[in-house]
Structure formats: structure tokens, C-alpha cells
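The values are calculated or read from the model by the stated rules, or taken from the named source; none is laboratory data. Computed from a predicted structure; not experimentally measured. Positions of Cβ are generated from backbone atoms using ideal geometry, with glycine treated the same way; all protein chains shown enter the neighbour counts.
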Ligand code: SAH
Ligand code: DHB
Ligand code: MG
């Protein structure tokens, strides 16, 4: 946490809008499980570098990560975020307005999995960037849906894949950890993707991101 603080000051991470977002989330009683300020900036830089114009997020909470990601979008860009808790949505909507991003962000209310399946049925335009941060025990169900909503070059990021090392502790049978392990098994047999895992430590404890990039199409594939 001290190192997070040191670098926050060094790189001037202070951000009145995100501070207001956290204040309202706290005041409305939301759990303080949003990504850290450094992780939020990391997601923003990744989305910007990938030149994302369409972003999908599972798990809005108070829209902290949502706002970080939406800041990476160009004027015509769009972010869709899925959340099933109406109280979280109410706070998120207010925070999105505070950030002046209501024109770019749409919150879909409901269970993530049926909404994803509906999007696939509707032939929704694929996304450039997907942040998966809803219920961890369903990560292995979300992954195939995310792939169906992707295109060559799409980046899919899963949060909370380390959980203080629980992922690698064989005796740990927490359903959330099992969900991530099932995701990892699926990833290990999925062709056409490149995968990386980044462990993180700081004010949000010890955890990590899993990053999956859908490979570029090679010309022989289209022939
Ligand atoms: N991405 C946020 C944190 C999300 S916390 C941030 O970093 O700022 C996880 C959120 O997922 C919670 O708000 C929870 O209500 C929501 N959630 C959990 N299971 C869900 C499901 N099955 N469908 C939709 N939302 C879900
Ligand atoms: C927790 C942290 C998260 O980032 C999340 O998405 C869900 C839960 C936690 O610390 O409990
Ligand atoms: Mg998370």
C-alpha cells in the first residue's frame, strides 16, 4: 500500500472525479472491491493502446473500472457494462454522470450469462476489449461467450485470478477459485489465443489479471 501511495504521488494519479466516485460508492454502502487506482489507469492505457472503440464489462459495481475504461474511448466509442444489482446500478449511473460519460456508457441490468447469450443471438457487433469482473464461479461460462463476442485482436481481461495465491493451493475448494481453475482449463485447450497472467499486489491486496488476446487472422485462414 505504501508503494501504491508512493507511485500515486510520483505519477500524479490524483483524480477528483474518481475520488467523488469512490465517495458516493462508500456513502451508498457498496463493497470496496473496485480495482485500485493504478489498476484502473492500467486498464485505461491497455484499452487506449488497443484503440478500442467497443468495450464490454461484466460486473459494474459503482462504475469505477467502467469510467477508467470509458476514458480510453474515442468520441464515437461505446462501453456496455452488465450488472444485476439494482442498488449498484443506481450508484453507478450517478457516478457515470459525475464523470460526464453517460453518452458513452450503457448499463444492462440483469444476470450476465443470459445477457451474453442474447447478445450472441442478436449478432451483436464484436467488442475490441472485454473486462470480466462479475461472479468468479461463472468465469468458465463467460469465456466462450466472450470469445463469440470477439474478433481478431480482441483483448479479454479477467480480474481476481490469483486471490492471495488460493488459485495454486490444491486444498482450496472455494467455488470462486474452482471457477477460475475451470476457466484456466478451457484456456489451455483453446486454439487461436495468446494468454498472459500478471500477479498484482498493493492497496487491494494480492491478486492478478489474466489476459487473453484473440490472435490476428492469418491470410491462409481466410483463403
Ligand atoms: N468492475 C468493478 C467491480 C465489480 S465487483 C470495478 O472494478 O470497479 C463485481 C460486481 O459484479 C458486483 O457489483 C456484483 O453485483 C456483480 N455481479 C456478480 N455476479 C453477477 C452476475 N451473475 N451478473 C451480473 N452482475 C453480477
Ligand atoms: C473482491 C475483489 C474484486 O476485485 C472483485 O471483483 C470481487 C471481490 C474481494 O476482494 O473480495
Ligand atoms: Mg475484481
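Here is how the numbers come out for the structure above:
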item	result
Residue check, residue 98 surrounded by 24 or more Cβ atoms within 10 Å (Cβ to Cβ) and in contact (Cβ under 8 Å) with a residue 40 or more places away in the chain	no
Filter pass, residue 55 being under 23 Å from residue 139 (Cα atoms), within 16 Å of ligand 2 (Cβ to nearest atom), buried (at least 22 other Cβ atoms within 10 Å of the Cβ) and at pLDDT 95 or above	no
Any chance residue 3 is in contact with a strand residue (DSSP E or B) (Cβ under 8 Å, 6 or more places away or on another chain) and surrounded by fewer than 16 Cβ atoms within 10 Å (Cβ to Cβ)	yes
Tally, over the stretch 33-65, of residues that are away from ligand 3 (no atom under 11 Å from the Cβ) and over 10 Å from the mean Cα position of the chain (by Cα)	17
Only one of 219, 196, 188 that is farther than 21 Å from residue 40 by Cβ, at pLDDT 95 or above and either surrounded by fewer than 21 Cβ atoms within 10 Å (Cβ to Cβ) or touching a helix residue (DSSP H, G or I) at 6+ places or on another chain (Cβ under 7 Å) (or both)	188
Residue in the stretch 94-110 that is closer than 22 Å to residue 144 by Cβ and at pLDDT 95 or above present	yes
Tabulated pairs, the stretch 31-53, first more than 21 Å from residue 7 (Cα to Cα), second modelled with pLDDT under 95 and in a helix (DSSP H, G or I), C-beta under 8 angstrom, 6+ apart or interchain	none
Residues satisfying the stated conditions in the stretch 170-223, i.e. touching a residue at least 60 places away in the same chain (Cβ under 8 Å), within 16 Å of ligand 3 (Cβ to nearest atom) and out of contact with any strand residue (DSSP E or B) (no Cβ under 6 Å at 6 or more places or on another chain)	202, 203, 204
